[in-house]
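Enquirer: Questions regarding the structure given below will be posed in turn.
The values are calculated or read from the model by the stated rules, or taken from the named source; none is laboratory data. What you see is a predicted model, and the numbers here were worked out from it, not measured in a lab. Glycine gets a Cβ as well: all are built from the backbone with ideal geometry, and neighbour counts include every protein chain shown. All accessible areas refer to the heavy atoms of the entire protein, side chains included, with ligands and DNA or RNA removed. Shrake-Rupley method; radii C 1.70, N 1.55, O 1.52, S 1.80 Å.
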Amino acid sequence: LQAAAHRICAPPHLHRHPRREERRSEVYDIDDILGVMSYKLWVILGDMKESILKEKAMDFAIRIVNLYHFLNDKKQEKVMAKQILRSGTSIGANISEGIYAESTADFIHKHAIAQKECAETLYWLELLKRTQYIDPKQYDSLYQDCNELHKMITSTIITSKKSHHPPHNPITHNS
């Protein structure tokens with residue numbers, strides 16, 4: 001009975017158990033089925049998480065572009081404006097590159113760069129606040145968004161390091 005509890009009849013598109021190939025009825029180990037289902041669920045959830053992260057990074061980049069114009073045009077601040085423009089827009093660019101990573105290590109590396117860009121952007125925001133180029137309300141709002149991105153990226157990196165699945169690449173996966 002225990003052996004039967006670990007087997008299940010499944011549709012033919014799932015992986016076959018090699019020792020059971022010769023049987024007419026298609027019987028699969030529950031571990032095989034759960035493995036396939038787990039991977040598909042991981043891909044779906046990963047896609048959802050990545051698209052949320054990518055969208056938040058894009059929204060933040062748009063805010064940074066607007067901040068750049070404000071600093072450049074209204075405050076006549078060129079150097080810090082350019083620095084925060086580079087670091088703040090680089091976050092989303094690296095996340096986007098990570099989506100098309102060739103391996104888990106590449107995926108983690110791209111997200112680690114985005115994480116560093118978040119840290120740099122937080123530095124520039126603090127400096128802009130302390131030099132009174134932006135007011136505390138502007139700072140708080142931008143800081144919260146950037147800090148949220150930083151936490152999401154960190155979570156993505158930690159999850160990817162724990163997982164043995166490769167990242168989902170929309171070009172190479174048909175799921």
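Enquirer: Please give the FRET efficiency for residue 159 paired with residue 131, using the beta carbon to beta carbon distance and R0 = 30 Å, rounded to the nearest 0.05.
Expert: Values: r = 37 Å, r/R0 = 1.24.
Once rounded, the FRET efficiency stands at 0.20.
Enquirer: Give me the distance in nm between label points sitting 7 Å out from Cα along the Cα-to-Cβ direction at residue 78 and residue 119, one decimal.
Expert: Inter-label distance under the simple model: 3.1 nm.
Enquirer: How large a share of the accessible area of the range 71-163, in percent, is made up of carbon and sulfur atoms when the probe is 1.4 Å and the other protein chains stay in place?
Expert: Result for the range 71-163: 51 percent of the exposed heavy-atom area is carbon or sulfur.
Enquirer: Through the Karplus equation 6.51 cos²θ - 1.76 cosθ + 1.60, θ set to phi - 60°, convert the phi angles of the range 66-81 into ³J(HN,Hα) values in whole Hz; use x for Gly and Pro.
Expert: The phi angles translate into 5, 5, 4, 4, 4, 5, 5, 7, 8, 9, 6, 9, 9, 5, 5, 4 Hz.
Enquirer: Next up: If you stretched the chain out fully between residue 65 and residue 86, how much longer would it get, using 0.36 nm times the residue separation minus the C-alpha to C-alpha distance? Don't skip to the answer; put the middle values down first.
Expert: On the way: separation 21, 0.36 × 21 = 7.56 nm, distance 0.94 nm.
Full extension of this stretch gives 6.6 nm more.
Enquirer: What are the residues whose amide H is under 5 Å from the amide H of residue 134, where those residues sit 5 or more places off or on another chain and H is modelled from the backbone?
Expert: Answer set, sorted by chain and number: 129.
Enquirer: While we're here: Which pairs break 21 Å Cα to Cα here: 110/137; 56/162; 56/129; 110/161; 116/161?
Expert: Exceeds cut-off: 110/137; 56/162; 56/129.
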